[in-house]
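Participant: There's a structure below that I have some questions on.
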Amino acid sequence: MKKSTFTAMILGTVGGILFALGMCMALIPEWNMFQPGVIMGVMGVVALLIMAAVWRKMENKTPIRFSGKTIGALLIGIVGALLFGVGMCLTTVWNNMVMGIIIGVAGIVTLLCLIPFVKGLR
């Protein structure tokens, strides 16, 4: 395993755990830890951003340039993930199976649209 891959794996794991635990702390009312949860979630996001920058540096890749296409792909990913999550919540939490499945499938299709948007069609 290359050093860059190992470094990205460790930083990604730490960042993901911090982000997930922070979101649980912030969103589970019984824990009563909203503010510390937000702080821990932000620390996780920062660790993930550092991981991306360190990995790109170790692989001798150019920094990510923010173009219209990059921002568009980011927005499509966010919308797709939110639609998928809302569909999951509708089916599992609010017992609205039909609407949850429809919205969840719309989220999956939106996320699948990222592949031709980013890679292009030949």
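The values are calculated or read from the model by the stated rules, or taken from the named source; none is laboratory data. Since the structure is predicted, the reported quantities are computational estimates derived from the model, not experimental observations. All Cβ positions, even for glycine, are placed from backbone atoms using ideal geometry, and neighbour counts span all protein chains on display.
Participant: Please determine whether any residue of segment 42-51 is over 17 Å from the mean Cα position of the chain (by Cα) and either within 30 Å of residue 3 (Cα to Cα) or in contact (Cβ under 8 Å) with a residue 24 or more places away in the chain (or both). If you could, list the steps in order and put the result at the bottom.
Facilitator: Here is the first cut: in segment 42-51, the ones over 17 Å from the mean Cα position of the chain (by Cα) are none.
No, segment 42-51 contains no residue that is over 17 Å from the mean Cα position of the chain (by Cα) and either within 30 Å of residue 3 (Cα to Cα) or in contact (Cβ under 8 Å) with a residue 24 or more places away in the chain (or both).
Participant: Please find, among 78, 108, the residue that is farther than 30 Å from residue 2 by Cα, among the aliphatic types (A, V, I, L, M), outside the structural domain of residue 4 (by TED's automatic domain parsing) and touching a residue at least 24 places away in the same chain (Cβ under 8 Å).
Facilitator: Numbers: 78 fails: touching a residue at least 24 places away in the same chain (Cβ under 8 Å).
Answer to the check: 108.
Yes/no matrix, rows are residues, columns are (1) among the basic types (Lys, Arg); (2) surrounded by 15 or more Cβ atoms within 10 Å (Cβ to Cβ); (3) closer than 28 Å to residue 93 by Cα; (4) out of contact with any helix residue (DSSP H, G or I) (no Cβ under 6 Å at 6 or more places or on another chain):
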{"residue": "1", "(1), (2), (3), (4)": "no, no, no, yes"}
{"residue": "20", "(1), (2), (3), (4)": "no, no, yes, yes"}
{"residue": "23", "(1), (2), (3), (4)": "no, yes, yes, no"}
{"residue": "29", "(1), (2), (3), (4)": "no, no, yes, yes"}
{"residue": "35", "(1), (2), (3), (4)": "no, no, yes, yes"}
{"residue": "40", "(1), (2), (3), (4)": "no, yes, yes, no"}
{"residue": "50", "(1), (2), (3), (4)": "no, no, no, yes"}
{"residue": "59", "(1), (2), (3), (4)": "no, no, no, no"}
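Participant: Another question, if that's okay. Going by what's in this entry, would residue 39 be described as of a type in the set (Val, Ile, Thr) and at pLDDT 90 or above?
Facilitator: Values: of a type in the set (Val, Ile, Thr): yes; at pLDDT 90 or above: yes.
Yes, satisfied.
Participant: Among all residue pairs at least 6 apart or on different chains, which show Cβ distances below 7 Å where the first residue, located in segment 82-95, is assigned by TED's automatic domain parsing to the domain that holds residue 111 and the second is outside any helix (DSSP H, G or I)?
Facilitator: That search, which allows pairs on different chains as well, returns 90/96.
Participant: Select from segment 1-39 the residues that are part of a helix (DSSP H, G or I) and basic (Lys, Arg) and list them in ascending order.
Facilitator: Let us first name the residues in segment 1-39 that are part of a helix (DSSP H, G or I), namely 3-27, 29-31, 34-39.
Listed by number, the list holds a single entry, 3.
Participant: Which residue pairs have Cβ atoms closer than 7 Å, lie 6 or more positions apart in sequence or on different chains, and pair a first residue in segment 1-29 that is within 30 Å of residue 59 (Cα to Cα) with a second residue that is outside any helix (DSSP H, G or I) and modelled with pLDDT under 90?
Facilitator: So the pair list comes out as 4/59.
Participant: Considering only segment 67-88, I want to know if a residue exists there that is more than 13 Å from the chain's Cα centre (by Cα) and over 26 Å from residue 109 (Cα atoms).
Facilitator: No, that holds for no residue.
Participant: Another question, if that's okay. Go through segment 1-36 and give me each residue that's of a type in the set (Val, Ile, Thr) and modelled with pLDDT of 90 or more.
Facilitator: Residues of segment 1-36 that are of a type in the set (Val, Ile, Thr), as a first pass: 5, 7, 10, 13-14, 17, 28.
Of everything in segment 1-36, those that are of a type in the set (Val, Ile, Thr) and modelled with pLDDT of 90 or more turn out to be 10, 13, 14, 17.
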